[in-house]
Amino acid sequence: MSALPVGPDVDGWPRPLPSRERIKGGRMTLEPLNKRHVGDLWEAAKGADESFTYMGYGPFRDRAGVEAFVAAHTARADMAMWAVRPVVTGRAAGWLSLMNIEPGNAAIELGSIWFGPELQRTRAATEAMFLLLRHAADELGYRRLVWKCDALNAASRRAALRLGFVYEGTLRAHMVVKGRARDTAMFSITAPEWPARRDALLGWLSADNFDDEGNARRSLAALRGEPA
């Protein structure tokens, strides 16, 4: 037997693919992306061109562009994408996906996240991301949850850290996006880390964590026991 160091034994059974099902939360519903969402999503995307700066697609010039995007991503076999419909408005206002799925390695990415202005920095947005992370980790058994973004995308980097992802490093000259070179910042949550992240997110989303004006009493970092 070799005396060289090796990694720990793990359950190597392939994880199931994400189920394209409706997922209901307290403040929003995740609905498998569908043609019926096109009208709402076009309205959400109007005038929000800057929000597509770091995306591989968009901004969209017209409703037909959104329809083409939805048609292409509804049909993709390598990812599962959901529209986000906040309860307060009843209108789909963004989308997100589980992608780069590696069942044999039990690794999966929460990615292709786009939230319209009215959904950004809301409890519904946090809940949407949490529900997909919980689906991947608790229901499907994935051991590695991945977040990656353009290294220049400061808002996405902050969001990853806020949710409890750990920065792993930057892949230099990793991709070409819209004709420009992109360095990619990599983040992850692994199986041993997930329970504390899950409990913090549940605590943050709890109604008891918000005052009468809708302000959170405790941050996610505080709920994870991290220094201010």
Could you check how many residues of segment 140-159 are in contact (Cβ under 8 Å) with a residue 40 or more places away in the chain, not hydrophobic (A, V, I, L, M, F, W, C) and not in a strand (DSSP E or B)? 5
Within segment 2-51, the residues that are among the basic types (Lys, Arg) and touching a helix residue (DSSP H, G or I) at 6+ places or on another chain (Cβ under 7 Å) are ARG15, ARG27, LYS35
Under 8 Å by Cβ, and 6 or more places apart or on different chains, what pairs join a residue from segment 61-75 that is in contact (Cβ under 8 Å) with a residue 40 or more places away in the chain with one that is surrounded by 11 or more Cβ atoms within 10 Å (Cβ to Cβ) and assigned to a loop (DSSP other than H, G, I, E, B)? HIS73/LEU33; HIS73/MET79; THR74/LEU33; THR74/ASN34
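Look through segment 21-56, keep the residues that are acidic (Asp, Glu) and either part of a helix (DSSP H, G or I) or touching a Phe, Trp or Tyr at 6+ places or on another chain (Cβ under 9 Å) (or both), and return whichever of them is most open to solvent (accessible area, probe 1.4 Å).
For segment 21-56, the residue satisfying everything is GLU50.
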Sole exception among (1) touching a residue at least 40 places away in the same chain (Cβ under 8 Å); (2) out of contact with any Pro (no Cβ under 8 Å at 6 or more places or on another chain); (3) not in a loop (DSSP other than H, G, I, E, B) for PRO18, by number: (3)
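Residue-wise test of (1) in contact with a Pro (Cβ under 9 Å, 6 or more places away or on another chain); (2) assigned to a strand (DSSP E or B); (3) within 26 Å of ILE23 (Cβ to Cβ); (4) basic (Lys, Arg).
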| site | (1), (2), (3), (4) |
| --- | --- |
| MET129 | no, no, yes, no |
| LEU161 | no, no, yes, no |
| TYR167 | no, yes, no, no |
| HIS174 | no, yes, no, no |
| ALA181 | no, yes, no, no |
| ALA196 | no, no, yes, no |
| ALA222 | no, no, no, no |
Checklist (1) under 15 Å from GLU109 (Cα atoms); (2) surrounded by fewer than 16 Cβ atoms within 10 Å (Cβ to Cβ) applied to TYR142, failing item: (2)
Just to verify a result, which residue in segment 184-227, among those that are touching a helix residue (DSSP H, G or I) at 6+ places or on another chain (Cβ under 7 Å) and open to solvent by 70 Å² or more (accessible area, probe 1.4 Å), is nearest to ARG134 (Cα to Cα)? ARG218
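Whether any residue in segment 8-15 is within 25 Å of PRO192 (Cα to Cα), of a type in the set (Asp, Glu) and part of a loop (DSSP other than H, G, I, E, B) is what I want to check.
Yes: segment 8-15 contains one or more residues that are within 25 Å of PRO192 (Cα to Cα), of a type in the set (Asp, Glu) and part of a loop (DSSP other than H, G, I, E, B).
The values are calculated or read from the model by the stated rules, or taken from the named source; none is laboratory data. Predicted model only: the values in this text are computed from it and were never measured. Methodologically, a virtual Cβ is constructed for each residue, glycine included, from the backbone with ideal geometry; neighbour enumeration extends over all protein chains shown. The protein model used for the area step is the full one, side chains on, heavy atoms only, and it has no ligands, DNA or RNA in it. Shrake-Rupley method; radii C 1.70, N 1.55, O 1.52, S 1.80 Å.
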